[in-house]
Amino acid sequence: MDDAGGRDLHEALMLRSLMVAALACVVACAQPVHAADVAPAAGAAGAPGAAMAPNLTGAMARWRPLIGTWTCAAGTSGGFPVTLTILTAPGNTLQTWVRSPSVSAAGYFGYDDATKAWWSAYTDSLGARFFETSRDGETFTGTMESQQHSMTIRATTTRLSATKFHTLTEERSGAQWVKIADNTCTKS
Amino acid sequence: MRRPLTFISICLAVVALGTVKSASADDSMMSGTAMPKNHAFLLGSWSCTVNLPAMMGAKASTGRSTLTISASPNMTVHSHVSSPEYVSDSYQGYDMKTKTHWLITADTTGEVASETSKDGVTFMGMSWMNGTSTPVRDVETKISDTKIRDVTSLKMGGKWTMLADATCTKP
């Protein structure tokens, strides 16, 4: 990835921030949920995991409004559109797919009862991966790594409406957090 | 969140199978990332049987999963493992500059793994989960165009311990 690695990692950050954005908006986006609102029958077209697992329960139930397909624009990367699809997955988790013309990514999100923390695991076609955790479901912190880079990142999500949210992603630079991406996603 | 070792085994073994390198791979491209030339046989759906040895008080067992391999952007391959209890995704590529194969994985247990290989056969790296890391190794073999095999080991207590022996066949 070398010189292009910076761009690759940057693009990867855009995509992963979208995933974290979707997952981090649990507090901002969660609303009272009724069974009829969350029928998980519609899998992602073409996605290997199109057959969804049983619906979320316990602490994860608050994430049900996220299930579905979102269209997102990454503000600091020229606004390229990507499709974000969120499905239920085994183990009472969420499975997230991000697709753009140049990158694909997949991730998982769950809740650890032992540590009482949300976790997010991510991987993509640029060779980037991360593991992040959050105590409140709004702000996630962790380390993102590619074959040549490693950085500490933080993502904070704000709900704009029932079908739209915004996420700011920052990189730790010394004692400062420096903005590296912002995204807005709208539910289809 | 901590899962049984059997899940780890199925995960690592089946996911790694998506990285089996063609014997006639062409690594001669000028730059960037590229997949082996003759990896087309990998694409599609595979039925996998994962044999798990007796370990840590658990009896030997056999697991089954579906492995779906597809081409993905940046000249990489995407592998998706699905079973009723477990799902994972991985991407694999080849760095032309360092002549290194890379493989990364995330799954429903919250594990993230990263491995590299110089020969496309033996992959070694680390697996991270709950803030702890464990060395992992996969040895992958192409038996035929319709059968591939992977043996996964973890380094525990300074010794490599075989976790799983997975074989996938293409209908």
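Things worth noting here:
- Order by protection proxy (mean Cβ within 10 Å, highest first), peptides A:91-104, B:79-92: B:79-92, A:91-104
- Additional length obtainable on full extension of the chain from B:Thr98 to B:Met126, 0.36 nm per residue less Cα span: 8.2 nm
- Where B:Asp95, A:Asp113 fall by accessible area, highest first, once all protein chains stay in place (1.4 Å): A:Asp113, B:Asp95
- Per atom type, region B:36-75 shows carbon and sulfur on 58% of its accessible surface, probed at 1.4 Å.
- Solvent exposure of region A:53-165 amounts to 34 Å² per residue of accessible area, where only protein heavy atoms count and the probe is 1.4 Å.
- Portion, in percent, of the accessible area of region A:79-151 that falls on carbon or sulfur, probe 1.4 Å: 50 percent
- Taking all Cα pairs closer than 8 Å and separated by 6 or more residues, the relative contact order of region B:66-133 comes to 18 percent.
- Rounded, prolate or oblate (a/c below 1.5 giving rounded, otherwise prolate when a/b exceeds b/c) for region A:60-147 by Cα gyration tensor: prolate
- A Förster radius of 35 Å, combined with the Cβ-Cβ distance separating B:Lys118 from A:Gln176, puts the computed FRET efficiency at roughly 0.35.
- For B:Gly120, the residues 5 or more places off, or on other chains, whose built amide H falls under 5 Å of its own are B:His101.
- Solvent-accessible ranking of B:Asp145, A:Asp182, largest area first, probe 1.4 Å: B:Asp145, A:Asp182
- The mean number of partner chain beta-carbon atoms within 10 angstrom of a residue's beta-carbon across peptide A:109-115 is 3.
- Buried accessible area, chains A and B (both chains, 1.4 Å probe, Å² to nearest 100): 2400 Å²
- Counting only other chain Cβ atoms within 10 Å of each residue's Cβ, the peptide B:70-80 averages 5.
- Rounded if a/c under 1.5, otherwise prolate or oblate - region B:112-171, Cα gyration tensor axes: prolate
- Whether region B:83-136 is rounded, prolate or oblate, judged on the alpha carbon gyration tensor where a/c under 1.5 counts as rounded: prolate
The values are calculated or read from the model by the stated rules, or taken from the named source; none is laboratory data. This one's a predicted model, so the numbers in the text were calculated from it and none came from an experiment. Glycine gets a Cβ as well: all are built from the backbone with ideal geometry, and neighbour counts include every protein chain shown. Quick note on the areas: whole protein, heavy atoms, side chains included, nothing else; ligands and nucleic acids left out. Shrake-Rupley method; radii C 1.70, N 1.55, O 1.52, S 1.80 Å.
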